[in-house]
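Below you'll find the structure, written out as structure tokens, and then a few comments.
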């Protein structure tokens, strides 16, 4: 997935950009590093970027139960979600 790919569909772009922002807050990293982390998770899980991004948004927002790809999000980023509260990481409840 390239920068051009993620910009092709406006709906996908929004959810992917939101997920990148979430990862930046959780990991305290740059936008580029967060995007690379999302790409790595896509390769690791086989789930598309928009699907993972939407699931991450729901899990961080507290509505992850029953959301498609929630198990993948927990497997990849669960350690970040359990070690810090949203206020500690600068993430507002979504």
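Values quoted throughout were computed directly from the atomic coordinates according to the rules given, and no laboratory measurement underlies them. Keep in mind it's a predicted model, so treat the numbers as computed, not measured. For neighbour counting, all protein chains shown are included, and Cβ atoms are generated from backbone atoms with ideal geometry for every residue, glycine included.
List the equivalent ellipsoid semi-axes of region 25-78 in whole Å, largest first, each obtained as the square root of 5λ for an eigenvalue λ of the Cα gyration tensor. Don't skip to the answer; put the middle values down first.
Details: eigenvalues 61, 36, 14 Å².
With the √(5λ) rule applied to region 25-78, the semi-axes are 17, 13, 8 Å.
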Two-site label geometry, residue 9 and residue 28: point separation in nm, points 7 Å out along Cα→Cβ | 3.5 nm
